[in-house]
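Here you go, one structure.
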Amino acid sequence: LRTASTQAGRRMGRKRRGTRPPGVIGGDFLTLQSKTSQNDDTKHKSSSGLWLLEAAHRWLGISIQGKQQSSRRTLGSAKYRLTAFLSIETLWLWVMGLSAESLANTFAGPLMEPFAFISRFLHNTDHAVAVLNLSGSAMEGAIIWFAENKVQFRNPPLLLVTRSGFCSVWTSLTAVVEQAARSDLTWVQGLRYISVMLVLGVLFNVLGRKLASFVLAPLLESYKLVRRKGKTVVDLSETIWDDVLFYVCLFLMLAACLVCHQGVVPYELHDLLSGFFWVPISFAFGQVIEGNAQYESVQWGTWRCNAVACGLLVPCCLLSTHFQSASSFSMYRKFVGSFLGALSSFNGTSSDTAQLLLSRGGRGAAAGNLGLNFLTMALVSFAIRGISQWDLSAFLDLDKPYQAAISLQSQYFSEL
């Protein structure tokens, strides 16, 4: 009886542990079991990543391919040729940045006209600079809240590339410095404009988080697109939505080129194409400057990008008066607007400060982060005001470099 019960217990134990297929022994059986568990995990992730497709099928009537075919790519042959030499994060960073460049320079212009009254409260500065920067800060605040509380996208990390790609091009810290250094403003008005824009950027970032929490999240929950509790992890490579979004962005860029070519908007096609050239370069340059380090107080990576962009703005403003031809001036404006605008990070400065402000015991660090960027912008605006009074036309005459230096020195002492 003991022998029979022992054998029965061994058989039950083998059933609980899993039967070994014929011809598979030892380590091969363990390897097969691990592969089976990995396949089960992959199937579970694939089914959890199809919630967008199921929602589209319920509400929009979009047909869904079988779950076994969820990993197949249906629309993206051109996109995956690009990913042969680009990482998927870099590709989407470029796509989002170029989409923001297209939208901000073409279609966003008429939409910002109703907000022209804002310039009266900001010393008659360009209202478009205020609208783009403040809306970008609010957009980034909403994205951060969703990334922290509701949804996490993978392949690509959609929320991250939207912040780093779209919002960084949509906003421009150097444009704020340019407006503060205008000749029709006093230096006190310029400092006031910089401080007001920085404070409003932080407030709009917090406002974007609150809007996402109290308005957008309940709306998406009512349609069962996000969970009421917990975070949803979505692998976009297992759905068709990454392909759909890619072609929507591509269509937006082509539409922007078309309306520029047809003269529908007051923006030249060659200026838009120049922006397409400068934006990816600014991303590569910014990644080198910013680095990957995380800081608990002042965000030195964001500040370094802002400082380099503002520093390059000074010689650009110095040389801008000597660009006599329209084509040369256009190239200068695109370098300042696209390259330096994307390299600087108004949305990043606002987001970093708001994150420190909302964290426990981070108010001092938030004030330090905001103060450091304010000091950098103020010094650059003073430098631009100073060099705008200099006449460097004699330097362009190579036969008179000594006389040009004496003339420039006399101008400097007369200003003092």
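The numbers here are math on the coordinates, done by the rules we state, and not lab data. All of these numbers come straight from a predicted model, not from anything done at the bench. So basically every Cβ, Gly included, is an ideal-geometry build from the backbone, and we count neighbours across all protein chains shown.
Please label the shape of the range 245-356 as rounded, prolate or oblate, based on the square roots a ≥ b ≥ c of the eigenvalues of the alpha-carbon gyration tensor (a/c under 1.5 means rounded; beyond that, a/b larger than b/c means prolate, else oblate).
oblate
A further question follows. Please list 91-97, 341-347 highest first by mean number of surrounding beta-carbon atoms within 10 Å per residue.
Highest mean packing first, the order is 341-347, 91-97.
How large is Rg/Rh for the range 230-295, to two decimals, with Cα atoms and a Kirkwood Rh?
1.14
Quick one: grab the alpha carbon gyration tensor of the range 157-303, order the square roots of its eigenvalues as a ≥ b ≥ c, and give me rounded if a/c is under 1.5, else prolate or oblate depending on whether a/b is larger than b/c. Display every interim value, and only then the final one.
Details: a/c = 1.69, a/b = 1.20, b/c = 1.41.
Oblate is the answer for the range 157-303, as a/c is 1.5 or above yet b/c matches or exceeds a/b.
Rounded to whole Hz and in sequence order, give me ³J(HN,Hα) for the range 238-249 from the Karplus expression 6.51 cos²θ - 1.76 cosθ + 1.60, θ = phi - 60°, writing x for Gly and Pro.
The phi angles translate into 8, 10, 8, 6, 5, 5, 4, 5, 4, 6, 5, 5 Hz.
A follow-up question, please. Extension gain residue 375-residue 188, at 0.36 nm per residue separation less the Cα-Cα distance, in nm?
Details: separation 187, 0.36 × 187 = 67.32 nm, distance 1.38 nm.
Stretched out fully, the residue 375 to residue 188 stretch lengthens by 65.9 nm.
Would you work out if the range 153-209 is rounded, prolate or oblate? Take a ≥ b ≥ c from the square roots of the eigenvalues of the alpha-carbon gyration tensor; rounded if a/c is under 1.5, else prolate when a/b is larger than b/c, oblate otherwise.
Oblate shape, in that a/c is at least 1.5 and b/c is the bigger or equal ratio.
What residues have an amide H closer than 5 Å to that of residue 151, excluding those fewer than 5 places away on the same chain, when H is modeled at 1.01 Å from N in the peptide plane?
Here the answer is 232, since their amide H atoms fall under 5 Å of that of residue 151.
To continue, here is another question. How do the peptides 145-153, 162-170, 255-263, 124-132 rank, highest first, by the average count of neighbouring beta carbon atoms within 10 Å per residue?
162-170, 124-132, 145-153, 255-263
Once phi is turned into ³J(HN,Hα) by the Karplus curve 6.51 cos²θ - 1.76 cosθ + 1.60 with θ = phi - 60°, what whole-Hz value does each residue of the range 210-217 show in order, with x for glycine and proline?
Calculated HN-Hα couplings, in order: 5, 4, 5, 6, 9, 10, 5, 4 Hz.
Mind ranking 367-380, 106-119, 192-205 by how tightly packed they are, going by the mean number of other C-beta atoms within 10 angstrom, highest first?
Result, highest mean first: 192-205, 367-380, 106-119.
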